[in-house]
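Some notes on the structure that comes next.
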Amino acid sequence: MTSFIHSLKIGSFRAPNNIWLAPMAGVTDGPFRALCLRGGAGVVCAEMVSAHALHYANARSLRMLRIDEREKPVSMQIFGADEQTIAQAALAAQERGADIVDINAGCPVKKINKAGAGCVLMKDPVHLGRLVAAAVKAVSVPVTLKTRIGLKNGVLLGDEIARVAQNEGAAAVIIHARAAENVHNGEPDLAALAKICASVQIPVIGNGGIKDGATAQKFFDAGCSGIMVGRAAVGNPFVFQNICAELAGKESAPLTARRRVEIYLALIEENVAHYGEKIGIGRSKKTAGYWLRDFPMAAEVRGRFVRQETLAGIRELFAGLSF
Ligand SMILES: Cc1cc2nc3c(=O)[nH]c(=O)nc-3n(C[C@H](O)[C@H](O)[C@H](O)COP(=O)(O)O)c2cc1C
């Protein structure tokens with residue numbers, strides 16, 4: 001049987017495996033990244049950081065670049081629209097210990113697009129190529145580009161973008177196999193992804209709707225060298241090792257609701273240690289729907305959970321749950 005799981009060489013860096021955590025703003029911070037590495041992710045990607053904000057030494061953005069040894073290997077994602085700030089941000093990420101620097105050319109959020117960053121960069125491959133070249137020149141670690149199959153359904157742009165990235169020195173491209181107009185919804189377009197894979201020699205890491213061995217297999221069949229898992233890791237950071245097992249034809253251990261709540265509590269505790277009680281609990285609440293599910297009265301428990309303001313209160317609430 002073909003082995004889909006293997007270490008993956010990205011320029012000068014060798015990732016221990018080719019199943020990675022996708023960057024998610026507000027989710028893939030230090031505590032969550034460390035958890036996903038324990039769950040089998042080969043590389044974890046940090047939430048996007050604004051190159052412009054880093055240029056102005058914005059304290060929050062600088063904090064987002066912080067990397068702890070237990071979160072490695074890590075890819076730091078930056079977003080921006082001009083060569084100088086992208087180069088500076090890439091260097092700042094490298095100096096903080098990033099193993100890979102990734103440039104965001106796929107985000108469809110209006111505020112980011114208005115500033116000329118994210119998916120709108122796909123409209124101008126020459127400019128996007130200059131951004132990649134500026135980052136490649138600024139750092140010694142590999143630079144990757146995360147983009148999409150295109151902006152609109154049926155209009156493939158990702159193949160040209162991937163070739164431009166390759167020509168300008170990117171070590172890999174990450175392709176979210178949905179058009180930007182679909183945001184994160186709908187089935188991935190694997191035929192479009194296959195065309196992109198066939199158009200470059202650098203590794204293509206595919207992403208979009210991967211949640212188990214069967215969905216992962218389709219991305220490898222399309223020609224991807226690796227895959228990235230986003231939302232399926234929230235609520236199940238062990239999805240990476242489950243995918244590895246399933247691709248190897250083995251059974252994977254399903255996560256019980258009780259175990260999911262135990263892991264969530266451990267993450268909340270990490271968040272409180274990392275950010276302090278107020279911010280740590282606030283951030284934890286944003287993903288409650290992914291964690292507190294599939295047990296009796298889950299909706300009611302979520303309602304009670306979001307009203308909690310102390311770790312002690314959360315511990316007491318979870319201790320009283322019946323599964
Ligand atoms: C809450 C959320 C935040 C995201 N933030 C980012 C981001 O900062 N950078 C990025 O490139 N993609 C971001 N994405 C897109 C994901 O990386 C990924 O491409 C997308 O969720 C599709 O993968 P999935 O179907 O496995 O979730 C975000 C997605 C979600 C749901």
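At a glance:
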quantity: Principal axis dimensions, largest first and in whole angstrom, of segment 257-319 by Cα; calculated: 31, 21, 20
quantity: Entries in Lys123/Lys146; Lys152/Lys195; Lys110/Lys211 that, when Cα-Cα distance is taken, lie over 19 Å; calculated: Lys110/Lys211
quantity: Order of Lys218, Lys146 - criterion: other Cβ atoms within 10 Å of each residue's Cβ, fewest first; calculated: Lys218, Lys146
quantity: Beta bridges by DSSP in the chain, antiparallel share as percent, to the nearest 5; calculated: 10
quantity: Relative exposure of Ile268, Ile174, Ile279, judged by other C-beta atoms within 10 Å (fewest first); calculated: Ile279, Ile268, Ile174
quantity: Average Cα contact separation per residue, the chain, under 8 Å, 6 or more apart, as relative contact order %; calculated: 14
quantity: Fewest-first sequence of Thr287, Thr144, Thr28 by Cβ atoms within 10 Å of each Cβ; calculated: Thr287, Thr28, Thr144
quantity: Directionally averaged projected area (convex hull, Cα atoms, segment 8-247), nm²; calculated: 10.9
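No lab work stands behind these numbers, since they all come straight from the coordinates. Being a predicted model, the structure only gives us computed values, none of them experimental. Cβ: placed from backbone, ideal geometry, glycine included. Neighbour counts: every protein chain shown.
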